There are 2 protein chains.
Amino acid sequence: MSVPPRYRARSRVDVSGEESRAKAVQVATELFALTGFKGTSVAAVAARTGLSQSGLLHHFPSKAALLTAVLEERDRQDGDFLAGGDGPPLGWAAFDALAALVARNSARPHLVGLFVRLAAEATEPAHPAHQWIHQHYNGLKQWLTEAVTTGQREGEIAQDAPITAIVRTTIAVVDGLQQQWLLEPDQVSMTAEFETFTATLRARWGR
Amino acid sequence: MSVPPRYRARSRVDVSGEESRAKAVQVATELFALTGFKGTSVAAVAARTGLSQSGLLHHFPSKAALLTAVLEERDRQDGDFLAGGDGPPLGWAAFDALAALVARNSARPHLVGLFVRLAAEATEPAHPAHQWIHQHYNGLKQWLTEAVTTGQREGEIAQDAPITAIVRTTIAVVDGLQQQWLLEPDQVSMTAEFETFTATLRARWGR
């Protein structure tokens, strides 16, 4: 055999570790969504994952680290949803994809609540999710900036459209509507309000 | 004397109680802004107010209740600022007043941070600031709705302008920009982005 046994053994451990890690993130997502961050214990996540508490803490040194992993996984899944198999949509299609994501979020109040609360807490530099929240906004900003500049190059968005303002206010509307919707889920349609917002952008800056 | 002594006595106690209460709110605002909510102790607020800890707890049963009072006072002061002595501005003038408030907030990062974090936490029904956050958004919604309908009546806003969407997305932009600004204070101009947003609203729905 060309591969020394100790490397194979380590490789097997890694694979199993990765599976446990993914399982723990999935379990934690379900429990956080059902019973909230505060109402979920590390012990409960460990038990449902089939790990000891110290086994779980090996992957995630704290409950906050587990939550960060849940939110990174949510960002990854949202990224896949937005890309729809063909890579991220650009031009106005990016805003349509975002509207579809807003509609999808309207069925996930617990996850939206977790996101809103953690994003706010994580503005403090010492917060364990501070790096995650920067990555989250940087990813969104880069994609939407590319979407607008591509739309300009292809002639569907005006050359003088204020790129930064469009990108930042679009992200702000998504976030701000979530805050209002969590307080009055029966009174607020995030999808309708977001679509009216993007229609206004299109009326003003579309070509 | 026409006023029985026991009423005078009680009245004096009430006035002094109200002064202590107001002083405590002012002290707490300064301390929360300087050292954050977590970094501020009830004991420190009591000492600087000139009250015993139990004296302070008589007015505010918990640190969360003290924070709610700070935020209610901030809403009251913001309301005074927006009204500018002449009552709340209506029509597009309301959006100009809001832009001035956004500019003012750009010099108050600690208070904005407190607001953003507490508003997010308070979406949970059991949170001590849950009633405050409802009042905050209801007040804003009522004022902006009246601003838009007055603008329509006076012919400066189109009859078919989508009132609810304009009101909700305007509030969302203010909130969402705060979240981004707290993370990148040197990269984000809340005032510039908000003014571009309202200029877009005016271009689309102005008459």
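Among the residues of the range A:101-115 satisfying the criterion of being assigned to a helix (DSSP H, G or I) and modelled with pLDDT of 95 or more, which is nearest to the other protein chains (Cβ to nearest Cβ)? Let's see the steps before the verdict.
Looking only at the range A:101-115, we keep the residues that are assigned to a helix (DSSP H, G or I), and these are A:101-105, A:109-115.
Now drop any that are not modelled with pLDDT of 95 or more, which leaves A:101-105.
Details: A:Leu101: 15, A:Val102: 11, A:Ala103: 15, A:Arg104: 18, A:Asn105: 14 Å.
Applying the filter and picking the extreme gives A:Val102.
Taking B:Ala83 as the residue in question, decide whether it is aliphatic (A, V, I, L, M) and over 26 Å from A:Leu182 (Cα atoms). Don't jump to the end; show me each part of the working.
Values: aliphatic (A, V, I, L, M): yes; over 26 Å from A:Leu182 (Cα atoms): yes.
Yes; evaluated as a whole, the condition is true for this residue.
What's the total number of residues in the range A:132-150 that are out of contact with any helix residue (DSSP H, G or I) (no Cβ under 8 Å at 6 or more places or on another chain) and either farther than 30 Å from A:Arg207 by Cα or in contact (Cβ under 8 Å) with a residue 40 or more places away in the chain (or both)?
Going through the range A:132-150, the residues out of contact with any helix residue (DSSP H, G or I) (no Cβ under 8 Å at 6 or more places or on another chain) turn out to be A:138, A:142, A:146, A:150.
When the remaining residues are screened for being either farther than 30 Å from A:Arg207 by Cα or in contact (Cβ under 8 Å) with a residue 40 or more places away in the chain (or both), the result is A:146, A:150.
Count: 2.
I'd like the full set of residues that are more than 19 Å from A:Gly139 (Cβ to Cβ) and either among the polar types (S, T, N, Q) or not assigned by TED's automatic domain parsing to the domain that holds A:Ala107 (or both), limited to the range A:165-201.
Residues satisfying the conditions are A:Gln179, A:Gln180, A:Gln187, A:Ser189, A:Thr191, A:Thr196, A:Thr198, A:Thr200.
Before we move on, is B:Ala126 part of a helix (DSSP H, G or I), among the small types (Gly, Ala, Ser) and out of contact with any helix residue (DSSP H, G or I) (no Cβ under 8 Å at 6 or more places or on another chain)?
On the way: part of a helix (DSSP H, G or I): no; among the small types (Gly, Ala, Ser): yes; out of contact with any helix residue (DSSP H, G or I) (no Cβ under 8 Å at 6 or more places or on another chain): yes.
When the stated conditions are applied, B:Ala126 does not pass them.
Of all residues in the range A:24-78, how many are away from chain B (no Cβ under 14 Å) and at positive phi?
The total comes to 1.
Quick one: in the range A:21-69, of everything that is hydroxyl-bearing (Ser, Thr, Tyr) and crowded, with 17+ Cβ neighbours inside 10 Å, which residue is farthest from A:Pro128 (Cα to Cα)?
First, the residues of the range A:21-69 that are hydroxyl-bearing (Ser, Thr, Tyr): A:29, A:35, A:40-41, A:49, A:52, A:54, A:62, A:68.
Narrowing further to those that are crowded, with 17+ Cβ neighbours inside 10 Å: A:29, A:40, A:49, A:68.
On the way: A:Thr29: 17, A:Thr40: 18, A:Thr49: 23, A:Thr68: 8 Å.
Looking at the filtered set, the residue picked out is A:Thr49.
What is the one condition in (1) surrounded by fewer than 22 Cβ atoms within 10 Å (Cβ to Cβ); (2) within 22 Å of A:Ala97 (Cβ to Cβ); (3) of a type in the set (S, T, N, Q) that A:Gln178 does not satisfy?
Only one criterion in (1) surrounded by fewer than 22 Cβ atoms within 10 Å (Cβ to Cβ); (2) within 22 Å of A:Ala97 (Cβ to Cβ); (3) of a type in the set (S, T, N, Q) is unmet by A:Gln178, namely (1).
Quick check, is A:Gly91 touching a strand residue (DSSP E or B) at 6+ places or on another chain (Cβ under 9 Å) and either surrounded by 15 or more Cβ atoms within 10 Å (Cβ to Cβ) or under 18 Å from B:Gln187 (Cα atoms) (or both)?
Working: touching a strand residue (DSSP E or B) at 6+ places or on another chain (Cβ under 9 Å): yes; either surrounded by 15 or more Cβ atoms within 10 Å (Cβ to Cβ) or under 18 Å from B:Gln187 (Cα atoms) (or both): yes.
So A:Gly91 passes the test.
Checking A:Gly87 against (1) more than 14 Å from chain B (Cβ to nearest Cβ); (2) more than 26 Å from A:Thr169 (Cβ to Cβ), which test does it fail?
(2)
Does B:Arg207 fit the bill of being touching a residue at least 12 places away in the same chain (Cβ under 8 Å), among the basic types (Lys, Arg) and surrounded by fewer than 18 Cβ atoms within 10 Å (Cβ to Cβ)? Spell out how you get there, then give the answer.
On the way: touching a residue at least 12 places away in the same chain (Cβ under 8 Å): yes; among the basic types (Lys, Arg): yes; surrounded by fewer than 18 Cβ atoms within 10 Å (Cβ to Cβ): yes.
When the stated conditions are applied, B:Arg207 passes them.
All but one of (1) surrounded by fewer than 17 Cβ atoms within 10 Å (Cβ to Cβ); (2) assigned to a helix (DSSP H, G or I); (3) of a type outside the set (Val, Ile, Thr) hold for B:Ala165, so report the exception by its number.
Checking B:Ala165 against (1) surrounded by fewer than 17 Cβ atoms within 10 Å (Cβ to Cβ); (2) assigned to a helix (DSSP H, G or I); (3) of a type outside the set (Val, Ile, Thr), the one that fails is (1).
If you check A:Ile157, A:Ile163, A:Ile133, which single one turns out to be of a type in the set (A, V, I, L, M) and at the interface with chain B (Cβ under 8 Å from one of its Cβ atoms)? Spell out how you get there, then give the answer.
Details: A:Ile157 fails: at the interface with chain B (Cβ under 8 Å from one of its Cβ atoms); A:Ile163 fails: at the interface with chain B (Cβ under 8 Å from one of its Cβ atoms).
Answer to the check: A:Ile133.
Quick check, is B:Leu177 more than 7 Å from chain A (Cβ to nearest Cβ), out of contact with any strand residue (DSSP E or B) (no Cβ under 9 Å at 6 or more places or on another chain), aliphatic (A, V, I, L, M) and under 23 Å from A:Thr123 (Cα atoms)? Before you say what the answer is, go through the steps one by one.
Details: more than 7 Å from chain A (Cβ to nearest Cβ): no; out of contact with any strand residue (DSSP E or B) (no Cβ under 9 Å at 6 or more places or on another chain): yes; aliphatic (A, V, I, L, M): yes; under 23 Å from A:Thr123 (Cα atoms): yes.
Taking the combined requirement at face value, the residue does not satisfy it.
Here is a list of conditions, (1) within 9 Å of chain B (Cβ to nearest Cβ); (2) part of a helix (DSSP H, G or I), and A:Gly139 meets all of them except one; can you say which number that is?
With (1) within 9 Å of chain B (Cβ to nearest Cβ); (2) part of a helix (DSSP H, G or I) applied to A:Gly139, the lone miss is (1).
Table: residues versus (1) in contact with a Leu (Cβ under 7 Å, 6 or more places away or on another chain); (2) within 30 Å of B:Ala199 (Cα to Cα); (3) not in a loop (DSSP other than H, G, I, E, B).
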| residue | (1), (2), (3) |
| --- | --- |
| B:Lys23 | no, no, yes |
| B:Thr29 | no, no, yes |
| B:Ala46 | yes, no, yes |
| B:Leu71 | yes, yes, yes |
| B:Asp78 | yes, yes, yes |
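Identify the single condition in (1) more than 10 Å from chain A (Cβ to nearest Cβ); (2) under 20 Å from the mean Cα position of the chain (by Cα); (3) free of Cβ contacts under 8 Å to residues at least 24 places away in the same chain that B:Pro125 does not satisfy, given that it satisfies every other one.
(1)
The values are calculated or read from the model by the stated rules, or taken from the named source; none is laboratory data. This is a predicted model, so every value here is computed, not measured. Reconstructed Cβ throughout: ideal geometry from the backbone, glycine too, with neighbour counts over all protein chains shown.
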